1. Determine which member of the set Thr69, Thr41 is outside any loop (DSSP other than H, G, I, E, B) and out of contact with any Gly (no Cβ under 7 Å at 6 or more places or on another chain).
2. Answer with yes or no whether Lys128 is touching a Phe, Trp or Tyr at 6+ places or on another chain (Cβ under 7 Å), assigned to a strand (DSSP E or B) and within 18 Å of Phe94 (Cβ to Cβ).
3. From Gly136, Gly107, grab the single residue that is more than 14 Å from the chain's Cα centre (by Cα), without any contact (Cβ under 8 Å) to a residue 40 or more places away in the chain and more than 21 Å from Asp67 (Cα to Cα).
4. Would it be correct to say that Phe94 is touching an Asp or Glu at 6+ places or on another chain (Cβ under 8 Å), of a type in the set (Phe, Trp, Tyr) and within 30 Å of Tyr57 (Cα to Cα)?
5. Has the stretch 86-101 got at least one residue that is touching a strand residue (DSSP E or B) at 6+ places or on another chain (Cβ under 9 Å), aromatic (Phe, Trp, Tyr) and within 25 Å of Tyr187 (Cα to Cα)?
6. Kindly check whether there is at least one residue in the stretch 89-96 that is surrounded by fewer than 16 Cβ atoms within 10 Å (Cβ to Cβ), assigned to a loop (DSSP other than H, G, I, E, B) and at pLDDT 90 or above.
7. Considering only residues of the stretch 27-59 that are among the acidic types (Asp, Glu) and surrounded by 15 or more Cβ atoms within 10 Å (Cβ to Cβ), which is modelled with the lowest pLDDT?
8. Tell me which residues, restricted to the stretch 147-162, are closer than 15 Å to Thr69 by Cα, part of a loop (DSSP other than H, G, I, E, B) and either aromatic (Phe, Trp, Tyr) or modelled with pLDDT of 95 or more (or both).
Amino acid sequence: MKLLFASQNQHKIKEVSEIIPPYFKLLGLNEMNFNEEIPETQDSIEGNALQKARFIYDKFKLSCFADDTGLFIEALNGEPGIYSARWSKIDNLFSNNIEKALVKLKGKENRKAYFKTVIAFIDNDEEKLFEGVIHGRIIESEKGKDGFGYDPIFIPDTYDQTFSEMPKEEKNRISHRALAMTKFIEYLKEKY
């Protein structure tokens, strides 16, 4: 079955392709020769995921899914949340987002945070949502070379490594995206 992933983020596409079973053919937007901006103007992770999936479904009329992810830091009243990817507003680089998080958390004892991913799936006008959440903490400086986004500063509960330090297979088993993808894949197996 062909599945269109409404994303232009090559890191996400690679991560999802390593999680999804081989009998699903994952297509990214690059393979559809699509490189326009996808609207992301909602006030929730669920809303943004649905908005992106609807936009791409309306354009291509193919079964598609989109995800939206946020990092919610307790001591920062849930920031960056839905603005995680564009929080620093400086070139939208994650190095700037990480630096902003570390500066805002300087001197704070409470380092609790969680990642939340929501996957929105649309097929023949049926819409479904799948959620994955992982709790952890923000460390004081970056560790690890792999992963992307906030991975170098986030350590999941019961672990002693950041997502960037973990072997890829481990991260792809326990991450917020992996948890949402697992629910999504189970749904696909039952339905198709």
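1. Among Thr69, Thr41, only Thr69 is outside any loop (DSSP other than H, G, I, E, B) and out of contact with any Gly (no Cβ under 7 Å at 6 or more places or on another chain).
2. no
3. On the way: Gly136 fails: more than 21 Å from Asp67 (Cα to Cα).
Testing whether each residue is more than 14 Å from the chain's Cα centre (by Cα), without any contact (Cβ under 8 Å) to a residue 40 or more places away in the chain and more than 21 Å from Asp67 (Cα to Cα) leaves just Gly107.
4. Criteria not met by Phe94.
5. No, that holds for no residue.
6. The answer is no; no qualifying residue exists.
7. The qualifying residue modelled with the lowest pLDDT is Glu40.
8. First, pick out the residues of the stretch 147-162 that are closer than 15 Å to Thr69 by Cα: 147-151, 154.
When the remaining residues are screened for being part of a loop (DSSP other than H, G, I, E, B), the result is 147-150.
Hits for the stretch 147-162 are Phe148, Tyr150.
The values are calculated or read from the model by the stated rules, or taken from the named source; none is laboratory data. This one's a predicted model, so the numbers in the text were calculated from it and none came from an experiment. Neighbour counts run over all protein chains shown; Cβ positions are idealised from the backbone, glycine included.
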